[in-house]
Amino acid sequence: MIRTIKPKNARSKRALAKKEAKLVENTKSALFVPGATGNKLLHDAMVDLMALKKPFVKKFSKKNEIRPFEDYSELEFFAEKNDTSLMVFSTHNKKRPNTLIFSRFFNFKVYDMIELSILPNHKLLQDFKKLTFTLGLKPMFVFNGPLFDSHPVYQHLKSLFLDFYRGEETDLQDVAGLQYIIALSAGELDDNSSDKNLPPLHFRVYKLKTFRSGQKLPRVEIDEIGPRFDFKIGRRISPSEEIEKQANERPKQLQAKVKKNVSTDFMGDKVAQIHVGKQDLGKLQTRKMKGLKARYDQDSDFDEENDQDFDDHNDGMDSDIEYDAPQPKKQKV
């Protein structure tokens with residue numbers, strides 16, 4: 001039986017209303033939780049990832065003794081308590097050093113989870129000595145490599161980072177606000193490689209710079225501003241088909257209405273079929289002429305009788321007329 005909570009005052013009523021399901025959900029917020037074995041590198045890495053996600057972030061300052069892949073009940077409690085659907089947990093040990101665990105939640109239950117370990121050739125945001133990120137800007141994404149369209153692990157990563165840094169959904173977008181690019185790259189996969197020896201994931205962040213080109217369109221250059229991470233892919237939990245179908249289901253109010261007899265061809269043009277009823281040509285409006293009026297119409301029987309009388313009259317005239325034989329012309333002597 002599902003436990004229902006009755007609000008005791010107006011404040012708790014407003015808090016419960018924010019957590020209720022909506023047709024258009026709020027922007028997903030992320031919770032950063034440090035583990036009991038975290039170190040300074042993981043702390044700085046989480047701060048840099050938070051800078052890209054602000055202002056939709058929350059961070060715990062106290063370390064927590066949690067083993068997510070063994071028991072993630074505490075993560076679900078944190079997600080429901082803070083009303084977050086994204087979470088990053090840091091952990092460090094000898095077997096899996098400098099590891100970040102990215103989790104997503106659906107209905108405050110773990111939807112999927114993946115483990116990414118930071119390789120030694122990293123570079124933090126403070127090492128670039130660039131300006132910080134502007135709040136509210138939506139980044140652009142670039143995915144380099146065919147694995148993001150073919151391999152299930154990299155498809156999971158693509159969906160995760162798109163969901164993580166999607167930001168606020170809006171139809172209005174200013175071109176001047178498109179300043180940052182998040183580039184994810186992956187090398188080619190060997191034939192003999194297994195899921196434990198996958199190519200690393202390269203995480204890069206760039207900023208667009210425009211210069212005068214003497215033409216209508218400006219010259220565009222990109223400058224790396226950090227952070228820079230190379231992730232080694234570790235353990236992974238994928239959602240079941242039933243939960244995935246339920247999470248991707250759209251409400252009926254937001255579904256596009258199907259139009260009958262309307263389709264789109266491969267060129268993107270709209271093709272429709274129009275059904276026209278039976279047309280009565282007798283009521284067709286034509287040019288108003290005196291000879292086309294109804295009183296001037298003649299019946300077919302009357303026409304046949306007139307044709308027969310005309311033929312008989314011609315036959316009688318042919319029998320009464322006698323034709324004289326032609327006489328020879330007179331010749332002069």
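Taking R0 as 35 Å, what's the FRET efficiency between LEU135 and PHE266 from their Cβ-Cβ distance, rounded to 0.05? Walk me through the numbers on the way to the answer.
Details: r = 42 Å, r/R0 = 1.20.
That pair, LEU135 with PHE266, gives E of 0.25.
If you take the Cα Rg of the stretch 1-71 and divide it by 2.2 N^0.38 Å, with N the number of residues, what do you get? Could you put the intermediate results ahead of the total?
Numbers: Rg = 16.8 Å, N = 71, 2.2 N^0.38 = 11.1 Å.
Cα Rg divided by the expected 2.2 N^0.38 Å: 1.51.
Greater than 31 Å separation of Cα atoms is the criterion. Which listed pairs, LYS81/LYS209; LYS28/LYS260; LYS22/LYS129; LYS22/LYS58; LYS95/LYS123, meet it? Show your work: numbers first, answer last.
Working: LYS81/LYS209 41 Å; LYS28/LYS260 36 Å; LYS22/LYS129 42 Å; LYS22/LYS58 22 Å; LYS95/LYS123 22 Å.
Long pairs (Cα-Cα over 31 Å): LYS81/LYS209; LYS28/LYS260; LYS22/LYS129.
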- [ ] Give, as a single signed number, the net charge of other residues whose beta carbon lies under 10 Å from the beta carbon of VAL33, with Lys and Arg counted +1 and Asp and Glu -1.
- [x] +3
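Determine the gain in length on full extension of the stretch ASN64-ASN26; use 0.36 nm per residue of separation and subtract their C-alpha separation, reporting nm with one decimal. Intermediate results must be reported in sequence, preceding the final value.
Values: separation 38, 0.36 × 38 = 13.68 nm, distance 2.76 nm.
Stretched fully, the ASN64-ASN26 segment lengthens by 10.9 nm.
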Task: Segment GLN285-ASN93, extension gain: residue separation times 0.36 nm, minus the distance between their alpha carbons - done: 60.1 nm
TODO: Note the full-extension length gain between LYS54 and ILE222 as 0.36 nm times their separation in residues minus their Cα-Cα distance, in nm to one decimal.
DONE: 58.3 nm
Open item on the list: For TYR206, what accessible surface area do you get with a 1.4 Å probe? Give it in Å², rounded to 10.
Closed with: 60
TODO: Measure out, as a whole number of angstrom, how far apart the alpha-carbon centroids of the stretch 252-284 and the stretch 145-167 sit.
DONE: 38
- [ ] Could you pull the accessible area for SER238 with a 1.4 Å probe, rounded to 10 Å²?
- [x] 70
TODO: Within the set of other residues whose C-beta is less than 12 Å from the C-beta of LEU124, count the net charge using Lys and Arg as +1 and Asp and Glu as -1.
DONE: +2
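The values are calculated or read from the model by the stated rules, or taken from the named source; none is laboratory data. Fair warning: this is a prediction, and the values are worked out from it, not measured in the lab. A quick note on method: Cβ atoms are made from the backbone with ideal geometry, for glycine too, and the neighbour counts reach across all protein chains shown. Just so you know, the surface numbers come from the protein's heavy atoms only, side chains and all, with ligands and any DNA or RNA stripped out. Shrake-Rupley method; radii C 1.70, N 1.55, O 1.52, S 1.80 Å.
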